[in-house]
Amino acid sequence: MADFFRKLFGSKEETTKPKELVDAATTAPLTDQQLHSIISGQAPKYEIKQLIASVGQSVGKQRDHNEDSVLALTTTISGSVESVPFGLYVVADGMGGHQFGEVASNAAIRIVGGKIVEKFHSYLYKIPTQSLQESLQEVMEESIMEAHQYIQREAPGSGTTITAALVLGQQVTIGHVGDSRAYAVFPDGRMDPLTRDHSLVKRLEELGHLSKDEVETFPHRNVLIRALGQGETLEADIFTVPFPQSGYLMICSDGLWGVVNEKDVVRIIGESPNLHRACQAMVEAANAAGGPDNITVILAQIIG
Amino acid sequence: METRNITSPIGPFDSGKGSGSGDQQGRQQLMPGVTLVNRYTIQDVIGVGGMGSVYRARDMHFPNVVKLVAVKEMINMAPDPLVRQTIVQNFEREANLLATLHHPSIPRIYDYFSHDDRSYLVLEFVVGKDLETVINDANGFLAEDQVIGWAIQLCDVLEYLHGHKPDPIIFRDMKPSNVMINQNGDVVLVDFGIAKTFQTGIKGTMIGTEGYSPPEQYRGDATPLADVYALGATLHHALTRRDPRLEPPFTFAERPVRRINSNVSMELEAVVNTALQYNPSERFPAASAMKKSLMDVAKKTGALSSLASASLPTPVNSGVKPIWDFKCEDEIRGTPALSQGTLYIGCYDNNLYALNAADGKFQWKYPTDGGIVSRPLIYENNVFFCSEDQCLHVIGARTGKLLWTYPTEGRVYSSPRISDGHIFFGSDDQSLHAVNVNSGRAVWKFATDGEIHSTPLVANEMVYFGNENGSFYGLDFRGGLKWRFQAKRGMTSSAISDGPVLYTASLDSTLYALDAKSGWAIWKFRLGKGTISSPAMVDDFIFIGAADGFVYCVNARTAKEVWRFKTDNQVSSSPTIYKDSLYIGSVDGFMYCLEYRTGRLRWKFEAQSAITGSPVVFDDIVYFGSTDHHVYALFA
């Protein structure tokens, strides 16, 4: 009850305290040690909520060019109004064999990224801020469709996967086509896939035609049944889930998930002092295992 | 091979070994009038199985009305006490497992108990005919569309059972006599595997009826594919009227469906043939795959459209009778509240009524100076509610005596919400009021740009509500504005929350998912018309009614429609979820009970006029009011 009245009426004593803490936290850039202590520390109550993210990428050991594309954008705007983390993370894996594979993945991240940033521009960088007419899922779907049409028009015959995550506040809105993946990774070692591969092998597994073991050795593991730029009609999976609390959002191409198993991913993230070291270590692990394909990974976390 | 049928009175499993005859006399059936555990009064024997009898009984827990249940008896005949004990333990484990199953084609388990050498399972009493009777009673062949519809439902329930975690449940005994067709024309699987634990003393576990079971089941292999075969055999029987128990085993290939019934399409025959393959690896890989093939057949033959549009034969009130009803002086448009055996409901005769929830007896009424649509709220033995007389009223829950009122400057249609010692509600004076629950004094008011009819939601230390101008507000506990969202038309619907997401709807024909922190629209779902219904949520499903007459079920993550159900007039009532059912009223005068996963109609009850308020369900009873001036109580 007393607590409620404090919330209701506030008090000078209470309102001065948080300010000091806020000030302390905004003296960026934070060192690794500081970040680590924030993350593993006692979660200070008045810390500003902010999104942090890092990216790892490598061409791998066996390809001579990179068909993966990645976009990571993190914004923190905080002041008198409470900060609402905004982030956009996109991985696209151009289709091997097609001549415009890298064109397609590059176009995908730029068009999807550009379209979404454009939509949010007046919310993030205008005064007074304006919220937009469309819902987050509508924005995501429109931008993916625009990228799809562009690729069909400008790079016919090519295709790309796309897994895009729009983080706003505590929500992640995901747009997904193909076999790149988004995961929620938790400190207790759980690693929940958020996306479902649009691949032949997954489809056969779902239909009960392949057992778990057969899936591992299936010869056509990289055959997609849906891709951006392919087919007249495209149905992207669009959905919204809560941002993994006290955990990580991970997005990666099959150069990582197809090569490094989940246990190692969880171990690497757990052992790394910060996000960029974790991304680097995962890329190294994929290369150490032969690096058969381009490798891309994004890790994002909400701290505070 | 001998032909035997385990549902016949002379079962092969009676005594473990030796002859099975003469034993039936030893197992005395319960006589009508006997009451088990002081609750279930036996009325009649409705079936005799290998393990004991099945009875129709009346649940005396509801003395004022007749609630029927099926009581399945299993007699424990193991001579060894340790074995007997194990059997009872297995039975209880199985009963607990079955009680966790929720599927429209699986009867609900209400209760189980054991005493002496008998164990009992109390389950939903399914009114209808078994498929064997339907086949035998039919004049000629059954319609293909009809059989496809049932087959899809059977695949669906098998898919559900086979997908059970951690272990798949194998039905093992698919055959026409174990498939009930209920009053709505939907299938219900009866005679669940539970009896199997009582089959001691047979070598192996060769369960299942000859004629329907696949070859491998005779080697003791019960797998999902065995159920697929048995379903194929059941369909073969239904389409050809040839009883496989009267034919040599595994001879379906010699009797193709179309040779006997040329009306059947080649496509459906192919599905039946695939299911009936001798070699399991040549059958459908799973019930889900068979369902998909059947759906394809249905699309090709046009059966699907007739299945969907037929909306199934309408069960006229399907025998639903009120437990009680109570007549007020004027229309009831609001929603009741239940607390400690008393039902409270406001009426347009200006009174708030308190009725005994068990029998509907009048306890007291409290008059105000205006109609009451606001839902009463019971908090610390007091009733809080609002009236068109512009006031919030607080009265004693037991006495109906006034404690205090709090005036606003407009009529009040909003329902109060209490949190952290404060009452929150909106008024036609366009303000949201926060009032101290003890002193009755205003703590703050928040002025908006429209009348507030919605009920505020308190969650995440915030207060959320919409107004008739289409504004939706997120306030902190001090009444400070955190964010505002603008819909195109009024927001009468009251929001619900699931952690960081709010769900609400507007007269602009949209169901919204909003981020609770910032008010961003996460997704929008387009309804056929506007709505004042408030959403309900369970699992990943959001449910809501709309003025286009539909009840919608939408996936909370993807904003994709899961199902919709059509009523004959607008739906202003808000859905209530109880167990595996959804309850909602419609202006067409019906209270509907739907299976919430599928939108399938369980029953409907006709009042004499529109139902605009929402039902409350407690202890298996549904309570609601109607504009026909009545308050009703029905079995859930």
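The values are calculated or read from the model by the stated rules, or taken from the named source; none is laboratory data. Because the structure is predicted, anything quoted here is derived from the model rather than measured. All Cβ positions, glycine included, derive from the backbone under ideal geometry; neighbour counts span all protein chains shown.
Quick notes on this structure:
- Any helices (runs of 4 or more DSSP H) falling wholly within segment A:189-304 and containing at least 1 residues that are over 30 Å from B:E159 (Cα atoms): A:254-257, A:262-271, A:275-288
- Residue that is nearest to B:V228 (Cα to Cα) [pool: residues in segment B:131-148 that are in a helix (DSSP H, G or I) and in contact with a Ser or Thr (Cβ under 9 Å, 6 or more places away or on another chain)]: B:I148
- Scanning segment B:397-421 for residues that are of a type in the set (V, I, T) and not in a loop (DSSP other than H, G, I, E, B) returns B:T405, B:I418.
- Of all residues making up segment B:387-433, the number that are within 20 Å of B:D349 (Cβ to Cβ), of a type in the set (A, V, I, L, M, F, W, C) and surrounded by fewer than 18 Cβ atoms within 10 Å (Cβ to Cβ): 1
- Index of the failed condition, A:A285 passing every other in (1) more than 29 Å from A:A147 (Cα to Cα); (2) in contact with a Leu (Cβ under 6 Å, 6 or more places away or on another chain): (2)
- Within segment A:129-144, the only residue that satisfies the criterion of being touching a Lys or Arg at 6+ places or on another chain (Cβ under 6 Å) and more than 10 Å from chain B (Cβ to nearest Cβ) is A:S143.
- The one condition in (1) closer than 28 Å to B:C155 by Cα; (2) part of a helix (DSSP H, G or I) that B:Q85 fails to fulfil: (1)
- Test: residue in segment B:80-90 that is closer than 11 Å to B:E124 by Cα, surrounded by 15 or more Cβ atoms within 10 Å (Cβ to Cβ), in contact (Cβ under 8 Å) with a residue 24 or more places away in the chain and not hydroxyl-bearing (S, T, Y): no
- Segment B:505-529 residues that are more than 8 Å from chain A (Cβ to nearest Cβ), paired with ones that are of a type in the set (D, E) (beta carbon under 7 Å, 6 or more apart): B:L527/B:D548; B:G528/B:D548; B:K529/B:D548
- Listed by first and then second residue, the pairs with beta-carbon distance under 6 Å, at least 6 apart or on different chains, first residue in segment B:53-67 and over 17 Å from B:Y112 (Cα atoms), second surrounded by 16 or more Cβ atoms within 10 Å (Cβ to Cβ) and among the basic types (K, R), are B:V66/B:R58.
This table checks each residue for (1) of a type outside the set (G, A, S); (2) under 36 Å from the mean Cα position of the chain (by Cα); (3) under 30 Å from B:M77 (Cα atoms); (4) modelled with pLDDT under 75.
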{"position": "B:Q217", "(1), (2), (3), (4)": "yes, yes, yes, yes"}
{"position": "B:D227", "(1), (2), (3), (4)": "yes, yes, yes, no"}
{"position": "B:A230", "(1), (2), (3), (4)": "no, yes, yes, no"}
{"position": "B:R255", "(1), (2), (3), (4)": "yes, no, no, no"}
{"position": "B:P285", "(1), (2), (3), (4)": "yes, yes, no, no"}
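- Here the condition is being surrounded by fewer than 24 Cβ atoms within 10 Å (Cβ to Cβ) and under 16 Å from B:F424 (Cβ atoms); of B:L507, B:L481, it holds for B:L481 alone.
- Failed item, numbered, when B:S493 is tested on (1) of a type in the set (S, T, N, Q); (2) buried (at least 18 other Cβ atoms within 10 Å of the Cβ); (3) touching a Lys or Arg at 6+ places or on another chain (Cβ under 9 Å): (3)
- Residues satisfying the stated conditions in segment B:464-481, i.e. assigned to a strand (DSSP E or B) and in contact with an Asp or Glu (Cβ under 8 Å, 6 or more places away or on another chain): B:S471, B:D476
- Candidates A:V223, A:V260, filtered to the one that is closer than 30 Å to A:F100 by Cβ, at pLDDT 90 or above and out of contact with any Lys or Arg (no Cβ under 8 Å at 6 or more places or on another chain): A:V260
- Single residue of A:A227, A:A165, A:A236, A:A182 found to be closer than 24 Å to A:I111 by Cβ and away from chain B (no Cβ under 14 Å): A:A227
- The condition of being modelled with pLDDT under 95, at positive phi and surrounded by 24 or more Cβ atoms within 10 Å (Cβ to Cβ) holds for only one of A:G178, A:G189, that being A:G178.
- Selection status of A:F86, under 21 Å from A:M250 (Cα atoms), at pLDDT below 95 and within 14 Å of chain B (Cβ to nearest Cβ): yes
- Members of segment B:389-429 that are touching a Ser or Thr at 6+ places or on another chain (Cβ under 6 Å) and hydrophobic (A, V, I, L, M, F, W, C): B:C391, B:V412, B:F425
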